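Notes follow once the structure below has been shown.
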Amino acid sequence: MTDDTKAGATRKLKPATQMMGHGYDPMLSEGSLKPPIFLTSTFVFPNAAAGKRHFEGVTGKRPGGAEGLVYSRFNGPNQEILEDRLGIWEDAEDALAFSSGMSAIATLFLAMVKPGDTIVHSGPLYAATETLIGRILGKFGVKWLDFPAGATREEIDAVMAEAAKGEVALIYLESPANPTNALVDVEAVAASRDAAFAGRDAKPPIAIDNTFLGPLWAQPLKQGADIVVYSLTKYAGGHSDLVAGGVLGSKEHINTIRLMRNTIGTICDPNTAWMLLRSLETLELRMSRAGENAAKVCAFLRQHPKVEKVGYLGFLADTPGMERQADIYRRHCTGAGSTFSLFIRGGEAESFRFLDNLKIAKLAVSLGGTETLASHPAAMTHLSVPDARKAALGITDNLVRISIGVEDADDLIADFEAALTAV
């Protein structure tokens with residue numbers, strides 16, 4: 001199937017081009033160049049038989065899901081166009097949009113996991129994800145085993161072999177890890193999973209949070225992941241004005257997750273979907289500029305005397321002791337991204353002085369927006385993580401997480417230099 005709409009054309013269009021119109025026919029909406037926002041709670045059936053067929057699909061009585069539109073808890077025109085375009089970037093068979101990144105993750109877990117199952121995951125994870133696995137699902141008898149984000153194949157095998165003694169429902173990864181920027185070897189995880197569960201009827205799917213690098217700088221489905229998860233709030237939304245999540249993967253997995261979303265109603269609203277469609281049109285431009293800025297800013301920070309080190313993926317190749325991470329980066333990534341960890345010489349007091357003296361960069365959680373943001377994970381996003389686990393995962397008091405935006409790079413460098421002078 002060609003992605004070009006011109007008769008007789010055979011050229012397959014690039015994702016950035018398809019973001020301008022894929023999945024939308026202006027003639028179905030009075031010729032409107034952009035999709036209208038469909039603010040309706042329900043949709044009219046042409047006849048009773050069509051209504052029955054729709055609900056057979058919605059409830060799972062008939063395979064393949066709903067045909068057409070039924071009710072806005074299930075889907076709507078804006079969400080369908082968004083989902084079509086989300087899948088294009090990673091050549092995924094299907095995609096789903098959610099009301100937040102965490103609602104996407106929670107719906108994924110609820111769809112895949114039952115009491116007594118084990119979730120194998122990399123660490124660290126986003127703090128809310130760790131809370132969901134350890135504290136909430138744990139109350140319902142779900143167990144977990146983890147390995148460090150930078151684990152070797154042998155270390156992954158050891159955890160996978162232990163997990164395989166029971167029922168493993170899901171392997172959940174986050175790469176780069178939040179907030180340490182450690183990369184997970186997805187290819188090694190897939191090979192370890194295949195070996196540990198060889199001969200069984202089904203292997204647990206591998207899901208990965210690709211928010212930090214995707215979809216421009218990493219596409220984990222190519223390395224063996226089955227499901228990709230996003231906080232669309234971040235780079236996909238890109239303007240710090242919406243909250244949303246996404247899940248991409250095979251039709252089989254997406255249909256399973258869709259049934260759960262239909263039940264618990266974690267779909268994003270039509271206005272948010274419309275805003276995301278706007279943002280996807282400039283996704284490549286924004287991410288490219290932010291990545292270029294980050295490379296310049298990190299080159300400055302790396303040589304500053306008040307900086308202990310910079311956890312920037314672009315430095316892996318020439319950092320002693322990071323050969324394995326550099327190898328993963330070479331195999332898995334096409335760019336270093338624009339979010340990194342900055343280790344200030346000192347501790348919490350020095351980090352706070354740095355943060356409090358920033359003028360252009362804003363002191364706020366989140367990442368991937370047009371503006372530069374800085375935060376202190378140990379005291380903010382990961383405050384709820386037990387101290388011993390924070391220490392084990394490298395989430396220290398002198399770690400500052402920075403997400404570079406699309407401002408002028410020289411202005412950002414001057415801002416960081418002035419803030420470091422105050423440390």
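Structure notes:
- Residues in region 160-180 that are surrounded by fewer than 24 Cβ atoms within 10 Å (Cβ to Cβ) and under 20 Å from residue 391 (Cβ atoms): 1 in all.
- Qualifying residue in region 261-271 (condition: touching a helix residue (DSSP H, G or I) at 6+ places or on another chain (Cβ under 6 Å), at pLDDT 95 or above, of a type in the set (A, V, I, L, M) and open to solvent by 40 Å² or more (accessible area, probe 1.4 Å)): no
- Residue pairs meeting the criteria (Cβ under 7 Å; at least 6 apart or on separate chains; first of a type in the set (D, E, K, R) and at pLDDT 95 or above, in region 336-350; second part of a strand (DSSP E or B) and surrounded by fewer than 18 Cβ atoms within 10 Å (Cβ to Cβ)): 345/308
- Residues in region 101-124 that are open to solvent by 10 Å² or more (accessible area, probe 1.4 Å) and hydroxyl-bearing (Ser, Thr, Tyr) were compared, and the one that is farthest from residue 256 (Cα to Cα) is 118.
- Residue match in region 74-93 (condition: aliphatic (A, V, I, L, M), assigned to a loop (DSSP other than H, G, I, E, B) and modelled with pLDDT under 95): no
- Scan of region 254-276 for residues that are within 21 Å of residue 23 (Cβ to Cβ) and either within 17 Å of the chain's Cα centre (by Cα) or of a type in the set (Ser, Thr, Tyr) (or both), ordered by number: 254, 257, 267, 268, 272, 273, 276
- Scanning region 16-63 for residues that are in a loop (DSSP other than H, G, I, E, B) and of a type in the set (Phe, Trp, Tyr) yields 24, 38, 43, 45.
- Of the residues making up region 343-376, those that are small (Gly, Ala, Ser) and in a strand (DSSP E or B) number 2.
- Against the criterion of being open to solvent by less than 40 Å² (accessible area, probe 1.4 Å) and touching a residue at least 24 places away in the same chain (Cβ under 8 Å), residue 98 qualifies.
- Residue 314 vs. criteria out of contact with any strand residue (DSSP E or B) (no Cβ under 7 Å at 6 or more places or on another chain), of a type in the set (Gly, Ala, Ser), touching a residue at least 60 places away in the same chain (Cβ under 8 Å) and open to solvent by 20 Å² or more (accessible area, probe 1.4 Å): no
- Residue tally, condition among the hydrophobic types (A, V, I, L, M, F, W, C), under 27 Å from residue 333 (Cα atoms) and surrounded by fewer than 24 Cβ atoms within 10 Å (Cβ to Cβ), over region 136-155: 3
- Taken together, the criteria place residue 327 among residues that are under 22 Å from residue 218 (Cβ atoms), in a helix (DSSP H, G or I) and open to solvent by 10 Å² or more (accessible area, probe 1.4 Å).
- When the test is whether a residue is in contact with an Asp or Glu (Cβ under 6 Å, 6 or more places away or on another chain), at pLDDT 95 or above and either open to solvent by 50 Å² or more (accessible area, probe 1.4 Å) or of a type in the set (Ser, Thr, Tyr) (or both), residue 360 passes it.
The values are calculated or read from the model by the stated rules, or taken from the named source; none is laboratory data. Quick caveat: nothing in here was measured; it's all calculated off a predicted structure. For neighbour counting, all protein chains shown are included, and Cβ atoms are generated from backbone atoms with ideal geometry for every residue, glycine included. Only protein heavy atoms, including side chains, enter the accessible area calculation; ligands, DNA and RNA are left aside. Shrake-Rupley method; radii C 1.70, N 1.55, O 1.52, S 1.80 Å.
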